[in-house]
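J.: Dumping the structure here so I can ask a few things about it.
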Amino acid sequence: MKSLKSTLKISWVILFIASFVTGCTKKGDGAPTVNLAIWGNYLSKQSEQRFTEKTGIHLNVMNYSSNEELLAKIQSGGSGIDVAVPSDYMVEVMTKLQLLEPLEKNKIAASQNLAKEVLAQPFDPENRYSLPFAWVITGIAVNRDLYKDPITSWKDLFENPKLSGKISLLDDVREVTGAVLKMDGKSVNSVSEEDLKVAKEQLLKLKKSVKMFTSDTVDILKNKEVVAAQSYSADALQAAAKTQGKIEFVIPSEGGTRSIDNLVIVKGSKHVDAAHRLIDFLLQKETDAEFVSNMRSGPVVTGIKDALPEELQHNAALFPSSQVLSKLERIHDLGDQNRLYEDIWTAVKSSD
């Protein structure tokens, strides 16, 4: 669930592929193998070991930092990836490009425990190619050691002179532009010329108050580099855990975005049965509870609340009300119209 990037350095992708292929061939004992490409820190060593102990299947893991990096790796051919964890809009892209294998649900018993609200999403309404693994909300993180006044909305963050030069925004055109659109009562997926013109003007003005653009907010919040940050809920909650609760996460009153990371099997997988067993393992209650406890991402399995640490059991970012959920949108892939947002980003990033 990371930022949309339009370009990738070829050398980095080649290094990524070479390192993963080397990892895929490191086992020579004839045991079954499955190759997983996943976001960094999304799978603990304990879970890796437990999967192999339970199934006898060796698990090779490689990380990536953006959906586009993952897509480039798969499209390059010969990636060796069996299972991947793309975000919602990238599932849509990969499906259109015919890069995914249909899932055999009879081989994924744990899918019966998935929460209804994260199933049947518009990017895969029948969950033919994907099953949810984690989700986050984009909102506002505030260091309460540094700032005591109320912050309840995007307007409180963007138009507050007390915070000028003390905030960070995500390094993501759709998230940043989407927040301004939400503040104006518009959709984060608007392609209205007027909506985007107003949003661009506001962002150009707002940039003067922004200390940095970064999508990695845990450390800057923990180290008091900024007073407040546009942040993914998981990062804000991790920062709170590292500061004895000094970081507060706010879901803005105007609403925000909610993104879902999903488990898929890559077209041409050479270990399809092992891939299904891995997905089944990752969606089991024990695995999901451990993941939520460590990463603070939203749970996808029903009935795990009691298995979480007490301080997380009633956390509004992990268990939002239906009223809050109704104000959250999914960022859509807009195809050729993505350029409207990229043009805004170019203007904002290049401005003084």
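The values are calculated or read from the model by the stated rules, or taken from the named source; none is laboratory data. Quick caveat, the model's predicted, so the values are computed rather than measured. Every residue, glycine among them, receives a Cβ derived from its backbone with ideal geometry; neighbour counts consider all protein chains shown.
J.: Hand me the list of helices (runs of 4 or more DSSP H) wholly inside the stretch 212-326 holding 1 or more residues that are under 17 Å from Tyr42 (Cβ atoms). If you could, list the steps in order and put the result at the bottom.
T.: Numbers: elements: 218-222, 233-242, 272-282, 285-295, 322-325.
Filter on the stretch 212-326 gives 218-222, 233-242, 272-282, 285-295.
J.: Restrict the check to the stretch 228-248 and report whether at least one residue is buried (at least 17 other Cβ atoms within 10 Å of the Cβ), within 23 Å of Asp88 (Cα to Cα), charged (D, E, K, R) and outside the structural domain of Glu53 (by TED's automatic domain parsing).
T.: Looking for residues that are buried (at least 17 other Cβ atoms within 10 Å of the Cβ), within 23 Å of Asp88 (Cα to Cα), charged (D, E, K, R) and outside the structural domain of Glu53 (by TED's automatic domain parsing), one finds at least one in the stretch 228-248, hence yes.
J.: I'd like to check something: does the stretch 47-55 contain any residue that is at pLDDT below 85 and either surrounded by 13 or more Cβ atoms within 10 Å (Cβ to Cβ) or assigned to a helix (DSSP H, G or I) (or both)?
T.: To start, the set of residues in the stretch 47-55 that are at pLDDT below 85 comprises none.
No, the stretch 47-55 has no match at all.
J.: Scanning the stretch 327-347 for residues that are of a type in the set (Val, Ile, Thr) and touching a Lys or Arg at 6+ places or on another chain (Cβ under 6 Å), which turns out nearest to Pro252 (Cα to Cα)?
T.: We begin by selecting, within the stretch 327-347, every residue of a type in the set (Val, Ile, Thr); these are 331, 344, 346.
Still in the running and touching a Lys or Arg at 6+ places or on another chain (Cβ under 6 Å): 331, 344.
Numbers: Ile331: 17, Ile344: 23 Å.
Checked the stretch 327-347; the qualifying residue nearest to Pro252 (Cα to Cα) is Ile331.
J.: What number goes with the only condition from (1) within 17 Å of the chain's Cα centre (by Cα); (2) closer than 23 Å to Arg128 by Cβ; (3) modelled with pLDDT under 95 that Leu325 does not pass?
T.: (2)
J.: Continuing with the same structure: Kindly indicate whether any position in the stretch 185-195 is outside the structural domain of Glu68 (by TED's automatic domain parsing), among the hydrophobic types (A, V, I, L, M, F, W, C) and not in a loop (DSSP other than H, G, I, E, B).
T.: Checked the stretch 185-195: no residue is outside the structural domain of Glu68 (by TED's automatic domain parsing), among the hydrophobic types (A, V, I, L, M, F, W, C) and not in a loop (DSSP other than H, G, I, E, B).
J.: Take the residues in the stretch 276-297 that are surrounded by fewer than 22 Cβ atoms within 10 Å (Cβ to Cβ) and hydrophobic (A, V, I, L, M, F, W, C), then tell me which one is farthest from Leu312 (Cα to Cα).
T.: Ranking the candidates gives Phe281 first.
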